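The values are calculated or read from the model by the stated rules, or taken from the named source; none is laboratory data. Since we're looking at a predicted model, the values are computed, not measured. Counting neighbours? That spans all protein chains shown, and the Cβs are built from the backbone with ideal geometry, glycine included.
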Amino acid sequence: MSEQQERGRTHRGIYLLPNLFTTAGLFSGFYAIVASMNGDFQQAAIAVFVAMIFDGLDGRVARLTNTQSEFGAEYDSMADIVSFGVAPALVAYNWALHDLGKLGWLAAFIFVAGGALRLARFNASLGTADCNFFQGLAIPSGAAIVAGIVWVGARYEIEPTSIDILVALLTIVSGLLMVSNFKYHSFKDVDWRGKVNFLVILLIVLVFVVIATEPALVLFILAVVYAASGPIYTIRKSGQLKLKDVLGDEIDDADFNDKTHEEKQEEESKK
């Protein structure tokens, strides 16, 4: 074995810390599925929100510790589809959607498929998309709506059969919003290291107090408001809502383009 090959072997491995948070998020999503199968829907919904905390930490920890990797990015996507796609869909199905028969499982599938397509489009557009905005509702936000309505229903002992149509509607709409072209603020332009006024800190404390009083209801309302912010922002920005503002894609994929790669190169050479 050459020295270069030996050096390559010694540097192989997986960064522990960020992938540890990703694994914790995956575990939370899997636990949500198991808890819903056992009829513990409040714990199942809470587990989905716990997974969101770990999902928010893994990427930031990787950037802070300079441990980003292609494996970590792929692993994070696989964990997201379980924790924020399959888990909330099954939690909602086991709680209320199963009483709707075919409509129930189709609503759950639309959400899972929308989440998978959302992740695929996000990964394909890395490096080219506007980092300040998401194209379509992010999958954790969609999961917050679906898991949130289950948490609210279980927390306040609402009979699932009385709101099963509402749960199905929210599940379907959340799935469709994830594959839409609506622009959602990513909050990545916020300067977390900068100085702020004392009043801002006071407002943050008040927000935590409000959430702590009724976490299920407050988090669900916040998720719905954020989901509605995309269409509202897009309509206000464009002035007149067009089909391309709602549907369609700009990903450069051979399966979705009429012109071949050779034709594109020929056109570029003529310019």
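See the values below:
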{"read-out": "Segment 177-198: number of residues that are surrounded by fewer than 19 Cβ atoms within 10 Å (Cβ to Cβ), at pLDDT 75 or above and not charged (D, E, K, R)", "value": "7"}
{"read-out": "Helices (runs of 4 or more DSSP H) wholly inside segment 11-80 containing at least 1 residues that are basic (K, R)", "value": "41-64"}
{"read-out": "Among the candidates I165, I201, I211, residue that is surrounded by fewer than 18 Cβ atoms within 10 Å (Cβ to Cβ), over 14 Å from A227 (Cα atoms) and at pLDDT 95 or above", "value": "I165"}
{"read-out": "Residue match in segment 128-145 (condition: acidic (D, E) and in contact (Cβ under 8 Å) with a residue 60 or more places away in the chain)", "value": "no"}
{"read-out": "Single residue of S174, S180 found to be on the phi < 0 side of the Ramachandran plot, touching a residue at least 24 places away in the same chain (Cβ under 8 Å) and assigned to a helix (DSSP H, G or I)", "value": "S174"}
{"read-out": "Lone unmet requirement of (1) modelled with pLDDT under 90; (2) under 15 Å from the mean Cα position of the chain (by Cα); (3) buried (at least 18 other Cβ atoms within 10 Å of the Cβ) for T234", "value": "(2)"}
{"read-out": "Set I232, I149: member being without any contact (Cβ under 8 Å) to a residue 24 or more places away in the chain and in a helix (DSSP H, G or I)", "value": "I232"}
{"read-out": "Failed condition for A108, given (1) within 13 Å of the chain's Cα centre (by Cα); (2) crowded, with 24+ Cβ neighbours inside 10 Å; (3) not in a loop (DSSP other than H, G, I, E, B)", "value": "(1)"}
{"read-out": "Condition met for E74 (modelled with pLDDT of 85 or more, acidic (D, E) and farther than 30 Å from L166 by Cβ)", "value": "yes"}
{"read-out": "Selection count where residues are within 23 Å of L119 (Cβ to Cβ) and either in contact with a strand residue (DSSP E or B) (Cβ under 8 Å, 6 or more places away or on another chain) or acidic (D, E) (or both), scope segment 183-212", "value": "5"}
{"read-out": "Residue match in segment 89-96 (condition: buried (at least 21 other Cβ atoms within 10 Å of the Cβ) and among the β-branched types (V, I, T))", "value": "yes"}
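Here's the yes/no breakdown for (1) surrounded by fewer than 18 Cβ atoms within 10 Å (Cβ to Cβ); (2) more than 14 Å from the chain's Cα centre (by Cα):
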site: L17; (1), (2): yes, yes
site: A35; (1), (2): no, yes
site: A47; (1), (2): no, yes
site: A51; (1), (2): no, no
site: R60; (1), (2): yes, yes
site: L64; (1), (2): yes, yes
site: S69; (1), (2): yes, yes
site: S77; (1), (2): yes, no
site: G85; (1), (2): no, no
